[in-house]
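First up is the structure itself, then whatever we jot down about it.
The values are calculated or read from the model by the stated rules, or taken from the named source; none is laboratory data. None of these values were measured; they are calculated from a predicted model. Here the Cβ positions follow ideal geometry from the backbone for every residue, glycine too, while neighbour counts run over all protein chains shown.
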Amino acid sequence: MESARTPVVSGWFTEDGPDGAGFRLLGTRCSACAAVFFPREDAYCRNPHCPGDGLLAEVPLSPRGRVWSFTDGRYRPPAPYVSDPDAPWEPYTLVAVELEAEGMVVLGQTVPGVTVADLAVGMEVEVVGGVLNEDPQTGTAWTTWRFRPAGGSA
Ligand SMILES: [Zn+2]
């Protein structure tokens with residue numbers, strides 16, 4: 001049975017981007033000051049210098065950016081982090097990426113197999129869809145965003 005792909009957080013990304021461009025993170029842009037927000041801000045503009053009265057519209061964010069910093073998680077975090085203590089801990093790589101057009105820094109995990117040894121500050125990376133975990137009970141694949149070196153074919 002094919003798992004139903006369901007976003008971990010609704011409205012933060014699309015797997016079927018504008019003009020068929022594929023996976024894109026989604027933010028919002030203020031029509032008054034052009035400030036862009038991710039995570040999306042739908043209630044009001046958070047720019048203190050905004051002249052106000054702007055409307056917040058959804059915008060796809062840059063598909064690429066450059067590595068700003070990175071680290072890895074080799075040990076299980078303490079509570080209140082939720083994880084199964086009986087399951088083996090799977091190390092993951094966390095990367096902070098400065099998006100090409102927006103200049104904002106977005107955090108995310110790398111695709112499986114990309115470790116800190118594969119990354120360098122300033123390296124170009126691209127955002128792709130990935131699966132955070134699958135729930136065989138409900139047949140749900142919880143999807144999220146991942147980063148990988150640009151031009152990869154993983
Ligand atoms: Zn604004």
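Out of everything in the stretch 49-65 that is in a strand (DSSP E or B) and either more than 15 Å from LEU26 (Cα to Cα) or not aliphatic (A, V, I, L, M) (or both), what residue ends up being nearest to the ligand (Cβ to nearest atom)?
So the first thing to find is which residues in the stretch 49-65 are in a strand (DSSP E or B), and the list is 56-60, 64-65.
When the remaining residues are screened for being either more than 15 Å from LEU26 (Cα to Cα) or not aliphatic (A, V, I, L, M) (or both), the result is 58, 60, 64-65.
Working: GLU58: 15, PRO60: 19, ARG64: 25, GLY65: 23 Å.
Among them, the one singled out is GLU58.
I need every pair where a residue in the stretch 35-51 that is among the β-branched types (Val, Ile, Thr) has its Cβ under 8 Å from the Cβ of a residue that is more than 12 Å from the ligand (Cβ to nearest atom), sequence separation at least 6 or different chains.
From residues that are among the β-branched types (Val, Ile, Thr), the pairs are VAL36/GLY27; VAL36/VAL59; VAL36/LEU61; VAL36/GLU102; VAL36/MET104.
Taking GLY108, is it within 16 Å of the ligand (Cβ to nearest atom), at pLDDT 95 or above and within 26 Å of GLY151 (Cβ to Cβ)?
Working: within 16 Å of the ligand (Cβ to nearest atom): no; at pLDDT 95 or above: yes; within 26 Å of GLY151 (Cβ to Cβ): yes.
Criteria not met by GLY108.
Restricting to the stretch 75-100, name every residue that is in a loop (DSSP other than H, G, I, E, B) and at pLDDT 95 or above. Write out each step before concluding.
Within the stretch 75-100, the first condition is being in a loop (DSSP other than H, G, I, E, B), and the residues that meet it are 75-91, 100.
Result: GLU100, single match.
Among the residues of the stretch 101-117, write down those that are assigned to a loop (DSSP other than H, G, I, E, B), touching a strand residue (DSSP E or B) at 6+ places or on another chain (Cβ under 7 Å) and under 18 Å from GLY129 (Cα atoms).
Listed by number, the residues that qualify are VAL111, VAL114, THR115.
Would you please name the residue that is farthest from the chain's Cα centre (by Cα), looking only at residues in the stretch 49-67 that are under 23 Å from ASP16 (Cβ atoms) and surrounded by fewer than 17 Cβ atoms within 10 Å (Cβ to Cβ)?
Within the stretch 49-67, the first condition is being under 23 Å from ASP16 (Cβ atoms), and the residues that meet it are 56-65.
This time we only want the ones that are surrounded by fewer than 17 Cβ atoms within 10 Å (Cβ to Cβ), so: 57-58, 60, 64.
Values: ALA57: 19, GLU58: 16, PRO60: 12, ARG64: 11 Å.
Step by step, filter the stretch 49-67, then rank; the result is ALA57.
Can ASP72 be described as modelled with pLDDT under 90, away from the ligand (no atom under 16 Å from the Cβ) and of a type in the set (Asp, Glu)? Walk me through how you get there before you give the answer.
Details: modelled with pLDDT under 90: no; away from the ligand (no atom under 16 Å from the Cβ): yes; of a type in the set (Asp, Glu): yes.
Answer is no for this residue.
Out of the stretch 27-43, which residues are among the basic types (Lys, Arg) and either within 13 Å of the ligand (Cβ to nearest atom) or on the phi > 0 side of the Ramachandran plot (or both)?
Result: ARG29, single match.
State whether one or more residues within the stretch 13-29 are farther than 24 Å from GLN109 by Cβ and modelled with pLDDT of 90 or more.
Yes, the stretch 13-29 has at least one match.
Given the residues ARG24, ARG46, which is the only one that is under 13 Å from the mean Cα position of the chain (by Cα) and either of a type in the set (Lys, Arg) or within 14 Å of the ligand (Cβ to nearest atom) (or both)?
Among ARG24, ARG46, only ARG24 is under 13 Å from the mean Cα position of the chain (by Cα) and either of a type in the set (Lys, Arg) or within 14 Å of the ligand (Cβ to nearest atom) (or both).
Within the stretch 41-51, is even one residue closer than 28 Å to SER3 by Cα and out of contact with any Pro (no Cβ under 6 Å at 6 or more places or on another chain)?
For the stretch 41-51, residues closer than 28 Å to SER3 by Cα and out of contact with any Pro (no Cβ under 6 Å at 6 or more places or on another chain): absent.
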